[in-house]
Amino acid sequence: MLNSLRIGTRLGLAFALLLALLGAVAAVSLSRLDRLLTVTQSLVDVQVQKLYLAHMADQHALTAANQLLILLQTPDRNRRVGLYQQMDGELDAADLAVTRLDKALSEQPSPPSAAEQAQLARLKVLRGRYNDRFYQTVNLIELSGPEKARQQFEVSTRQALSALLDETRLLSDTQQQLMRVELWQLDQAERQARTLVVSLSAGALLLGMVLAWRMSRSITRPVSEAVGVAEAIAQGDLHRPVPSGGRDEVGKLLGALRVMRDAISSREARILRLAYVDDLTGLPNRTRFVEVFQAQPAEAHGAVLVFDIDRFALINHALGLQVGDRLLREIGLRLSSLLTTRQLMVRLWADQFALLLPDADLAAAQALGERMMALLRTPQVLDGQRLDVSGTLGIALFPQDGRDAPTLLRRAELAARGAKRHRLPWLSFAESGAEPAHGQLSLIGEMREALARGEFVLFYQPKVDLQAGRMTSAEALLRWRHPERGMIAPGLFIPFAEQTGFIREITPWLLDQVMGHAAAWRRAGSAVVPSVNLSAHDLLNPGLADQVAELLQRHGLTPDALCLEITESALMEDPTLALTLLDRLSALGVKLSIDDYGSGQASLGYLKTLPVNELKIDRVFVDGVADTPKNAAIVRSTILLCHELGLSVVAEGAETAAELDWLRANGCDLVQGYVLARPMPLEQFLAWQSPVV
Ligand code: C2E
Ligand code: CA
Ligand code: CA
């Protein structure tokens, strides 16, 4: 009932009730006090006066009686005259007291009692009688002498006098009696008033307490419910039910809390979506991955997989971003259908996805990888175009490969890159040897100083023209002559120079060196064309073409005196930008060569659109080409196609005479390999004589 009233109304009512109670107690107390006062006043005014008057009448009568006795003993007339006067005074005073008492009786608030009236009437009669007797006695004194008078006094006056005195004494006593009664009544009335006021106050106090308790309970209970709800919301519990509450302010507060909780919950959901979901695919994102990973118990083990779509940049480039986006969505959808509820798949960025497989070992991760690849082999049809999509997987295991998500993701990614390099569908981090060992880390730090101190040196490896039977060009290969570690192979530092971007400082230095050498060779009458390897980073440098042009000019070289080797995987990082650069370099007249052909996924169809002059077949195909029919078929058809496209073909890594023979017999233009020469320092290279091939 209380709860249906507003708190303000409730408090108002409670205070009004308390005020009314206080008012009632005060009013009753006042009226009681008033009555007490009246009684006291009447007692003071009337009763005390009555008592006083009765007492006065008694005293004056007694004095007059004594004077009469003295008079009777006084023979001297002259002395008697004085006494007469005194007696008159006393009697008059006694009379006056009686008259005033009579008046007081008639004026008192309560009518005088019958006894009182009768007593006063008796007193008046006795007074009249005594008066008569007194004057008789006085007459006798004056006419017949004191002796006669004494006799008469003894006979009648004394009697009247004592009757009067008795009566006045009685009057005084009665009034005293009345006074005591009144006092007792007053005491009674006061006691009653006190009892009433005390019990009324106690009642009011009790009622007030009950009221306050009920009131505070009716407020505090819903308020503490509201506090509980607010605390739950603050702790992030958005599912705790909010009690409905009454129609009062707290009810409204609870309603507002409900609205607030709903708003927070929907906003939280939105924020979570923004923070944790990848917009394009609807999959969770990297942040979510890291969070889920961190939420695992410390002793958890499992696998982190990074999945990378092959040739995605090419698809984007050739078919447009929209098709690329749809492909990413489709792949996300397909692959996530393979996962159990405990497994998580997120999109990291671009065409990279990551998977978290709790409790999985390498075999389980590979088994899933196999199923993923199988699923991808079913061709995708997007916009009526059939797409054959493949991907590469890198696997990192925890805790052995790392204990935190960023490390594991990075290592799985390195493993995926390793897999791409080795053209494997997947590779585990442990197998990839991708991360720099401790010693290599310090190398990264030393690279900048090494360049300044001239520790980088160039080796040259001849490329021999099989038809002409002589070296027409040579590949410049970088070495690091480390003061403590000796000669360091490029495979140990170039990848990190690329990762850290330091390659941008190495390449211009290298181009300058190589062109300096080339100019010297020209001056010495040699037309050998040096080739320089460009990294993916160099291809993203828009200023490179200008740098090359400027260096050619500085060294007085024609552009065809330089060849640049570009790997197809480097081209794929940003095909559009790379193509622009190649076009500019080609326009300059610099020779361009596709390096490591076959190690990536680019097709000859794509390569023919590039402005290149040369194609270098990767070592793995050349290796054992004479007795590996599959390799032989690949190399042969590549040579044929290249010739059709007007490209010259370089076979890299020929190590045996049999390979060399096979290559010559199959029309390969150039050979670069240990069978002819290893990379050599400049002096040795200059002294090198091409063997008769
Ligand atoms: P690459 O461009 O494919 O260079 C050819 C590599 O094959 C060289 O290794 C060379 O020594 C090796 N090689 C040549 N013939 C044979 C052979 O008959 N058998 C075998 N097993 N190997 C042979 P190197 O000098 O260790 O260079 C490794 C890689 O380092 C190069 O591969 C290239 O990608 C990179 N690199 C080297 N120098 C530079 C450079 O100046 N700039 C850039 N960006 N990368 C460089
Ligand atoms: Ca090369
Ligand atoms: Ca190569």
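Do you know the relative contact order of the stretch 2-220, to the nearest whole percent, from alpha carbon pairs under 8 angstrom that are 6+ apart?
35 percent
Semi-axes of the stretch 587-693's equivalent ellipsoid from the Cα gyration tensor, sqrt of 5 times each eigenvalue, largest first, rounded to whole Å?
23, 19, 12
Roughly how far apart, in whole Å, are the Cα centres of the stretch 168-226 and the stretch 12-54?
So the separation of the two Cα centres works out to 12 Å.
Quick one: work out Rg over Rh on the C-alpha atoms of the stretch 2-220, Rh as Kirkwood radius.
Looking at the stretch 2-220, the ratio lands at 1.41.
So which lysines pass the test for K420, namely a Cα distance under 21 Å, with those fewer than 8 places away in the same chain ruled out?
K616, K630
Hey, got the dipole for the stretch 457-687? About the Cα centre, +1 on K and R Cβ, -1 on D and E Cβ, debye to the nearest 20?
480 debye
Compute the length gained on full extension between L424 and E142: take 0.36 nm times their separation in residues and subtract their Cα-Cα distance, giving the result in nm to one decimal.
84.3 nm
How compact is the stretch 457-687 by the rule of thumb for globular proteins, expressed as Cα Rg over 2.2 N^0.38 Å?
0.98
Would you list E182, E505 from the most to the least accessible area, probe 1.4 Å?
E505, E182
At a 1.4 Å probe radius, carbon and sulfur cover how many percent of the accessible area of the stretch 2-220?
The nonpolar share, carbon plus sulfur, comes to 62 percent.
Could you go through the stretch 469-474 in sequence order and give the Karplus-derived ³J(HN,Hα) for each residue, using 6.51 cos²θ - 1.76 cosθ + 1.60 with θ = phi - 60°, rounded to whole Hz, and x for Gly and Pro?
Karplus-based 3J(HN,Hα) across the stretch 469-474 equals x, 8, 6, 10, 8, 8 Hz.
Starting from the coordinates of the alpha-carbon atoms of the stretch 146-266, obtain the Kirkwood hydrodynamic radius over all distinct pairs and give the value in Å to one decimal.
Roughly 22.4 Å, rounded to one decimal.
So what's the stretch 281-433 giving for Rg/Rh, alpha carbon basis, Kirkwood Rh from the mean inverse pair distance?
0.96
Rounded to the nearest 0.05, what FRET efficiency do A318 and A374 give with R0 = 22 Å and r taken as the Cβ-Cβ distance? Could you check?
0.30
Hey, what's the chain come to in accessible area per residue, 1.4 Å probe, Å²?
For the chain, the per-residue accessible area is 51 Å².
Could you give the C-alpha radius of gyration of the chain expressed as a fraction of 2.2 N^0.38 Å, taking N as the number of residues it contains?
Against the empirical 2.2 N^0.38 Å value, I get 2.48 for the chain.
Would you mind checking the tilt of helix 249-276 against the longest principal axis of the Cα atoms of the chain, expressed as 0 to 90 degrees and rounded to 10?
10 degrees
Can you work out D for the stretch 174-328 in µm² s⁻¹ from Stokes-Einstein, where Rh is the Kirkwood radius over C-alpha pairs, the temperature is 20 °C and the viscosity is 1.002 mPa s?
Result for D is 89 µm²/s.
Using the alpha-carbon atoms, what tilt in degrees (0 to 90, nearest 10) does helix 438-452 show relative to the longest principal axis of the chain?
70 degrees
Quantify, in whole percent, the carbon and sulfur part of the accessible surface of the stretch 457-687 (1.4 Å probe; protein heavy atoms only).
Of all accessible area on the stretch 457-687, carbon and sulfur atoms account for 52 percent.
For the chain, with only Lys/Arg (+1) and Asp/Glu (-1) charged at the beta-carbon, what is the dipole magnitude about the Cα centre, in debye rounded to 20?
That gives the chain a dipole magnitude of about 2740 debye.
Please give the helix 362-377 orientation as an angle from the longest Cα principal axis of the chain, in degrees from 0 to 90, rounded to the nearest 10.
Result, in degrees: 70.
Carbon and sulfur atoms: what percent of the 1.4 Å accessible area of the stretch 277-342 do they account for?
It is 51 percent, rounded to a whole number.
At a Förster distance of 35 Å, what's the computed FRET efficiency of A269 paired with L579, Cβ-Cβ distance as r, to 0.05?
That gives a FRET efficiency of 0.20.
Rounded to a whole number of µm²/s, how large is the Stokes-Einstein D of the stretch 354-476 at 20 °C and 1.002 mPa s, given Rh as the Kirkwood radius over C-alpha pairs?
So the translational diffusion coefficient is about 117 µm²/s.
Where in the stretch 162-195 does the amide nitrogen come within less than 20 Å of the point 7 Å from the Cα of T40, taken along Cα to Cβ?
Inside the label zone: 179-195.
Let me have the relative contact order for the stretch 405-531, percent, based on Cα pairs under 8 Å that are six or more residues apart.
Relative contact order, the stretch 405-531: 18 percent.
What fraction of the Cα pairs in the stretch 612-661, stated in percent, has a spacing above 16 angstrom?
Taking all Cα-Cα pairs of the stretch 612-661, the fraction more than 16 Å apart is 35 percent.
According to a simple spin-label model (label point 7 Å from Cα along Cα-to-Cβ), what is the distance in nm between A468 and Q547?
About 2.9 nm separates the two model spin labels.
Express in nm, to one decimal, how much length is gained between A519 and D88 on full extension, taking 0.36 nm for each residue of separation and deducting their alpha carbon distance.
Stretched fully, the A519-D88 segment lengthens by 137.9 nm.
Translational D (Stokes-Einstein, µm²/s) of the stretch 34-125 at 4 °C and 1.567 mPa s when Rh comes from the Kirkwood sum over C-alpha pairs?
It diffuses with D of about 87 µm²/s by this estimate.
Calculate how many DSSP beta bridges within the stretch 457-687 are antiparallel, expressed in % of all such bridges and rounded to the nearest 5.
Of those bridges, close to 40 percent are antiparallel.
The values are calculated or read from the model by the stated rules, or taken from the named source; none is laboratory data. Keep in mind it's a predicted model, so treat the numbers as computed, not measured. FYI the Cβ positions are ideal-geometry reconstructions off the backbone, even for glycines, and counts take in every protein chain you see. The accessibility values were calculated without ligands, DNA or RNA, using every heavy atom of the protein model including side chains. Shrake-Rupley method; radii C 1.70, N 1.55, O 1.52, S 1.80 Å.
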